[in-house]
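A single structure is presented below for examination.
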Amino acid sequence: MRRRHLLLIPGLTGLNGLTTGSARAHDTRVGDLLIDHAYALPSAPGQDQGQAHLRKLSNRGVRPDRLLGASTPVAASVLLQRHGLTVPAIELPPGIELSLRHDGEWRLLLQGLKAPLLNGQRFALLLRFEQAGECEVRAWVQQPRGPGGSQH
């Protein structure tokens with residue numbers, strides 16, 4: 001009996017490592033910035049605009065940074081927007097944790113979609129920062145569960 005328990009413990013430890021790795025799969029670091037879970041909302045056929053979002057964008061450094069823009073192969077262009085108005089950049093002062101969620105004030109507007117964004121699809125999203133440089137993240141297309149919730 002005792003031997004079986006000892007064999008199970010290393011097995012459980014291995015499984016724990018797998019779940020920890022998958023939980024971190026949505027996080028990306030670039031410089032002092034942490035980008036948590038990029039996602040997009042599904043779009044209807046014929047719709048030429050879509051939305052991409054970030055659960056959280058954090059500046060953990062001591063210097064300010066700015067999100068200057070983004071691009072993706074699934075759209076002709078990406079605009080940074082706050083309350084539906086296009087802005088030239090998103091300020092990221094030290095210590096900020098900014099939400100770019102679907103139910104918030106910020107979004108990345110995907111203009112000129114090349115095909116509908118389908119639930120479950122993934123695509124590359126290149127973010128350009130003033131200090132940290134460029135960072136590619138993978139965005140999941142998903143229908144949010146409800147107010148404030150994303151599936152991942």
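For Q121, indicate whether it is surrounded by 12 or more Cβ atoms within 10 Å (Cβ to Cβ) and more than 27 Å from D32 (Cβ to Cβ).
Working: surrounded by 12 or more Cβ atoms within 10 Å (Cβ to Cβ): yes; more than 27 Å from D32 (Cβ to Cβ): yes.
Spelling it out, Q121 is indeed surrounded by 12 or more Cβ atoms within 10 Å (Cβ to Cβ) and more than 27 Å from D32 (Cβ to Cβ).
Report, by residue number, each residue of the range 91-117 that is under 13 Å from L67 (Cα atoms) and surrounded by 20 or more Cβ atoms within 10 Å (Cβ to Cβ).
L92, L100, R107, L108
Has the range 33-40 got any residue that is in a strand (DSSP E or B), crowded, with 21+ Cβ neighbours inside 10 Å, at pLDDT 95 or above and hydroxyl-bearing (S, T, Y)?
Within the range 33-40 (the criterion being in a strand (DSSP E or B), crowded, with 21+ Cβ neighbours inside 10 Å, at pLDDT 95 or above and hydroxyl-bearing (S, T, Y)), the answer is yes, since at least one residue qualifies.
Inside the range 129-145, can you point out the residues that are out of contact with any His (no Cβ under 9 Å at 6 or more places or on another chain), part of a loop (DSSP other than H, G, I, E, B) and crowded, with 18+ Cβ neighbours inside 10 Å? Even if it seems obvious, please write down each step before you answer.
Let us first name the residues in the range 129-145 that are out of contact with any His (no Cβ under 9 Å at 6 or more places or on another chain), namely 129-136, 141, 143, 145.
Filter once more, so that each one left must be part of a loop (DSSP other than H, G, I, E, B): 130-132, 143, 145.
A132, the sole residue that qualifies.
Please go through the range 112-123 and give me each residue that is in contact (Cβ under 8 Å) with a residue 60 or more places away in the chain and under 18 Å from the mean Cα position of the chain (by Cα), ordered by number.
L117, L118, N119, F123
A follow-up question, please. Any residue at all in the range 71-88 that's under 12 Å from A132 (Cα atoms) and surrounded by 14 or more Cβ atoms within 10 Å (Cβ to Cβ)? So that I can check it myself, show each step before the final result.
Of all residues in the range 71-88, those under 12 Å from A132 (Cα atoms) come to none.
There is no residue in the range 71-88 that is under 12 Å from A132 (Cα atoms) and surrounded by 14 or more Cβ atoms within 10 Å (Cβ to Cβ).
Turning to a different aspect of this structure: Suppose the filter is of a type in the set (G, A, S), under 16 Å from the mean Cα position of the chain (by Cα) and either in a strand (DSSP E or B) or exposed (fewer than 13 other Cβ atoms within 10 Å of the Cβ) (or both); does A44 pass it?
So A44 fails the test.
Please count how many residues of the range 100-137 are over 21 Å from A44 (Cα atoms) and either modelled with pLDDT of 95 or more or not small (G, A, S) (or both). Talk me through it step by step, then tell me what you get.
Step one: of the range 100-137, the residues over 21 Å from A44 (Cα atoms) are 100, 104-106, 126-137.
Okay, now just the ones that are also either modelled with pLDDT of 95 or more or not small (G, A, S) (or both), so 100, 105-106, 126-137.
Qualifying residue count, the range 100-137: 15.
Now for a separate question. Scan the range 47-66 residue by residue and report those that are part of a strand (DSSP E or B) and in contact with an Asp or Glu (Cβ under 8 Å, 6 or more places away or on another chain).
L54, R55, K56, L57, S58, N59, D65, R66
If you don't mind, another one. Mind listing whichever residues of the range 111-128 are closer than 19 Å to T28 by Cβ and part of a strand (DSSP E or B)?
Of everything in the range 111-128, those that are closer than 19 Å to T28 by Cβ and part of a strand (DSSP E or B) turn out to be R122, F123, A124, L125, L126, L127, R128.
Let me ask you something else. Please give the number of the condition P88 fails out of (1) over 24 Å from R29 (Cα atoms); (2) not in a strand (DSSP E or B).
It fails just one condition, (1).
The values are calculated or read from the model by the stated rules, or taken from the named source; none is laboratory data. Everything numeric here is computed off the predicted structure, so don't read it as measured data. As a convention, Cβ positions derive from the backbone with ideal geometry for all residues, glycine included, and neighbour counts pool all protein chains shown.
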